[in-house]
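Okay, so here's the structure we're looking at.
The values are calculated or read from the model by the stated rules, or taken from the named source; none is laboratory data. For clarity, every value in this text was computed on a predicted model and none was experimentally measured. When we count neighbours, we look across all protein chains shown, and the Cβ atoms used for this are built from the backbone with ideal geometry, even at glycine. The protein model used for the area step is the full one, side chains on, heavy atoms only, and it has no ligands, DNA or RNA in it. Shrake-Rupley method; radii C 1.70, N 1.55, O 1.52, S 1.80 Å.
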Amino acid sequence: MAQDDVFKKIVSHAKEYGFVFPSSEIYDGLSAVYDYGQNGVELKNNIKRYWWESMTLLHDNIVGIDSAIFMHPTIWKASGHVDAFNDPLIDNRDSKKRYRADVLIEDAIAKIDEKIEKEVAKARKRFGESFDEALYRQTNPRVAENVAKREALHQRFANAMNAGDLEELRQIIIDQEIVCPISGTKNWTEVRQFNLMFKTEMGSTADGAMTVYLRPETAQGIFVNYLNVQKTGRMRIPFGIAQIGKAFRNEIVARQFIFRMREFEQMEMQFFVRPGSEMEWFKHWKEWRLRWHKALGLGDRKYRYHDHEKLAHYANAATDIEFEMPFGFKEVEGIHSRTNFDLSQHEKFSSKKIQYFDPELNESYTPYVIETSIGVDRMFLSVLCSSYEEQELEGGDKRVVLHLPAALAPVKCAVLPLVKKDGLPEKAREIVDDLKFDFTTHYEEKDAIGRRYRRQDAIGTPFCITVDHQTLEDNTVTLRERDSMKQTRVAIADLHKLIHDQVSLNSLLRRI
Ligand code: ATP
């Protein structure tokens, strides 16, 4: 099945089974804003718990905060967001559609890459075992021509972006003959900078309202609380502050479901270190964050690092952790060495001294910062996409199953009386009443047992517990495992331990 079709199926599955709904749907939706349904919110909360506990439980030098979304507007001046948090936009005059100029060019580069890879794949098929890929890439004239074309375009694009040269960006679009996917024409406007921050007003206008911003990242809430936390928590460097919260960006083109939203959630941790030790810590967090991802068991080959060549003005190293989505490898998390830029800027703009006295060195300095920043919604999407499978079963039957990591699954177990009579529902309820204190437990008695299993598979429930007539005699039940569909007869008294071993967050945290 084409990856596009798989993605469409995942999006409709997410809606059908109460994971993600378009926002304001009965009013035809609101672009790039989504709501999480009854199963989605559980999965999302479990992802957040996994991240939060991995930071604050496993590290005795990391503490959390929860800062407000509204902050003093000067914070965004100091951070550079008012002046520089822009994307270059361009409109097509015929379709009236708006695009990010940089994304149009990146897509054109990706198309050349695709051509190169197609050519190589064809040759691999033709030559079979004896195929020397490296040699082929160097010597095949068509491949070499495309590689040269790609490099030249990439260089020109990087120069234009670095120089903030909007005219040159437009010229690249014209020269590459990029057309609007909707109208098919090259009738482009000028390229303009567009600030991504949402503005609103605080206070009544009669009093002279103040313009405030909806925060575009949670990080600044951490930086402006650095002194509060360091002093009240008596924190010693190196230490970190973690935060989970909403962020808002007026994205020009919001695409790919919950991958790029206008309202989303971030999990960010800023780690404060001694100047000069930042590269060591950058390496540490780069490795540790990948281990956190891999512990989920979604498949080690689905991750890769993307080290940045072009660094933001405040960074001296940066990498992304990319995940293989149905639409290609995409950034899920950024790890940045932010130097002392943010704290120094806040020192300058607030006129408050933001320094750390290092008792070992007997000197004061502005700490350097390593940031790990991951989007909850992108993490959710990567878990959902890699868990979704349509299976053909023996006997021609089919099922859709979400192989969610058990600790993240919205429902951990479902208790199902085989029939709706003979005291089986009552017995099943007794089991629910015991398990519900530790696990999210569903009770279901409607429909044939096979259909009930399918419904639980579709939301990724790791265990189904079936209560039958034998249960009334010997207090045993069948425990059905989601992925293998294996059924075993177990004592009710053993259920708690059997389930706990597989679904606890604790066991997931131990795997990092
Ligand atoms: P992109 O290049 O995809 O726009 P970014 O580099 O601007 O992302 P950061 O500013 O580094 O992203 O933000 C950190 C993380 O926040 C990202 O890795 C991503 O997971 C998440 N994120 C950023 N923008 C969005 C968005 N519009 N919707 C959902 N998640 C987002």
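Taking a ≥ b ≥ c as the square roots of the Cα gyration tensor eigenvalues, segment 60-148 comes out oblate, since a/c reaches at least 1.5 and a/b does not exceed b/c.
Taking all protein chains as shown and a probe of 1.4 angstrom, Val253 keeps an accessible surface of around 40 Å².
Output the antiparallel fraction of DSSP beta bridges having both residues in the chain, as a percent to the nearest 5.
So the antiparallel bridges in the chain amount to around 85 percent.
Taking a ≥ b ≥ c as the square roots of the Cα gyration tensor eigenvalues, with a/c under 1.5 meaning rounded and otherwise prolate when a/b beats b/c, else oblate, which class fits segment 119-240? Here segment 119-240 falls in the oblate category.
Counting only heavy atoms of the protein chains and using a 1.4 Å probe, Met279 has close to 90 Å² of accessible surface.
A Förster distance of 60 Å, applied to the separation of the beta-carbon atoms of Asp28 and Lys352, puts the FRET efficiency at 0.80. Label point 7 Å out from Ser183 along Cα-to-Cβ: which residues of segment 12-35 have amide N under 16 Å? Inside the label zone: nothing. Excluding ligands, DNA and RNA, the accessible surface per residue across the chain is 50 Å² with a 1.4 Å probe.
In this Cβ point-charge picture (+1 for Lys and Arg, -1 for Asp and Glu), the chain has a dipole of about 220 debye about its Cα centre.
Couplings 3J(HN,Hα) for segment 226-236, derived from phi with the Karplus relation 6.51 cos²θ - 1.76 cosθ + 1.60 (θ = phi - 60°), are 3, 5, 4, 6, 4, 6, 6, x, 6, 7, 10 Hz, where x marks Gly and Pro. Each of Glu201 and His308 was given a label point 7 Å from its Cα along the Cα-to-Cβ line. The distance between the two points is 3.6 nm. Within the set of other residues whose C-beta is less than 11 Å from the C-beta of Lys294, count the net charge using Lys and Arg as +1 and Asp and Glu as -1. So the environment of Lys294 carries a net charge of +3.
Taking a ≥ b ≥ c as the square roots of the eigenvalues of the alpha-carbon gyration tensor, segment 1-84 is classed oblate because a/c is 1.5 or more while a/b is no larger than b/c. Of Asp342, Asp434, the residue with the largest accessible area leads and the full order is Asp434, Asp342 (1.4 Å probe). Using every pair of distinct Cα positions in segment 413-486, the Kirkwood expression returns a hydrodynamic radius of 12.2 angstrom. Charge tally for Ser364 (other residues, Cβ to Cβ under 11 Å; Lys, Arg +1; Asp, Glu -1): -1. What is the angle, in °, between the Cα long axis of helix 492-503 and the longest principal axis of the Cα atoms in the chain? Nearest 10 is fine, range 0 to 90. Here the helix axis deviates by roughly 20 degrees.
If only the Cβ of Lys and Arg carry +1 and only the Cβ of Asp and Glu carry -1, the dipole of segment 1-115 around its Cα centre is close to 160 debye. So, in Å, what gap is there between the alpha-carbon centers of segment 258-319 and segment 44-94? Using only Cα atoms, the two centres lie 14 Å from each other. If the segment from Ala148 to Glu263 were pulled out straight at 0.36 nm per residue, it would be longer than the present Cα-Cα gap by 37.4 nm. Only protein atoms count toward the accessible area here, which uses a 1.4 Å probe; on the chain, the carbon and sulfur part of that area reaches 49 percent. With the dipole of segment 98-174 worked out from charges on the C-beta (+1 for Lys and Arg, -1 for Asp and Glu) around the Cα centre, which of Ala110, Ala163, Leu153 lies farthest toward the positive end? Toward the positive end, the furthest listed residue is Ala110. Extents of the chain, largest first, come to 79, 66, 57 Å (Cα atoms, principal axes, whole angstrom).
So if I take the centroid of the Cα atoms in segment 425-492 and the same for segment 152-195, what is the distance between those two points in Å? A separation of 58 Å, based on Cα centres. With the simple spin-label model, which puts each label point 7 Å out from Cα in the Cβ direction, the Arg511 to Phe194 separation comes to 4.0 nm.
Nearest 0.05, what FRET efficiency do Ala134 and Asp300 give at R0 = 22 Å with Cβ-Cβ as r?
Calculated value: 0.35.
Farthest toward the positive end of the dipole of segment 176-256, out of Ala209, Gln230, Ala242, is the Cα of Gln230, where the dipole comes from beta carbon charges about the Cα centre.
Taking amide H as placed 1.01 Å from N in the peptide plane, the amide H of Glu265 sits under 5 Å from that of Ala247, Val376, Asp377, each at least 5 places away or on another chain. Dipole magnitude for segment 415-474: about 420 debye, using +1 per Lys or Arg Cβ and -1 per Asp or Glu Cβ, origin at the Cα centre.
Full extension of the chain between Thr56 and Arg489 yields a length gain of 152.0 nm, computed as 0.36 nm times the residue separation minus the alpha carbon distance. Loop-located GluC sites (Glu not before Pro) in segment 161-248 (DSSP state other than H, G, I, E, B) with a sparse environment of at most 13 neighbouring Cβ atoms within 10 Å: Glu177, Glu190. Taking all protein chains together and a 1.4 Å probe, the residues Glu371, Glu151, Glu360, Glu444 rank Glu360, Glu151, Glu444, Glu371 from largest to smallest accessible area. Shown is the FRET efficiency for Glu473 and Ser364, computed with R0 = 60 Å from the Cβ-Cβ distance and rounded to the nearest 0.05: 0.20. Structural descriptor for the chain: relative contact order 14 percent, calculated from alpha carbon pairs under 8 angstrom and at least 6 residues apart. Sequence gap at least 6, Cα distance under 8 Å: using those rules, report the relative contact order of segment 194-324 to the nearest whole percent. Worked out over segment 194-324, it gives 18 percent. Look at the alpha carbon pairs under 8 Å that are at least 6 residues apart: their mean separation over the length of segment 309-367 gives a relative contact order of 24 percent.
Only one residue of Gly64, Ala406, Thr185 has its Cα farthest out toward the positive end of the dipole of the chain, where Lys and Arg carry +1 and Asp and Glu -1 on Cβ, and that residue is Thr185. Only protein heavy atoms count here; on that basis, with a 1.4 Å probe, Phe157 has an accessible area of about 20 Å². By the rule of a C-alpha distance below 18 Å, with chain neighbours fewer than 8 residues away ignored, the aspartates and glutamates paired with Lys122 are Asp113, Glu114, Asp132, Glu133, Glu145. Annotation: amide H of Val467 within the under-5 Å range of Leu416, Leu418, sequence separation 5 or more or interchain, hydrogens built in the peptide plane.
Can you pick out the pairs among Lys8/Lys330; Lys283/Lys310; Lys231/Lys353; Lys77/Lys348; Lys421/Lys497 whose Cα atoms lie more than 20 Å from each other? Beyond 20 Å: Lys421/Lys497.
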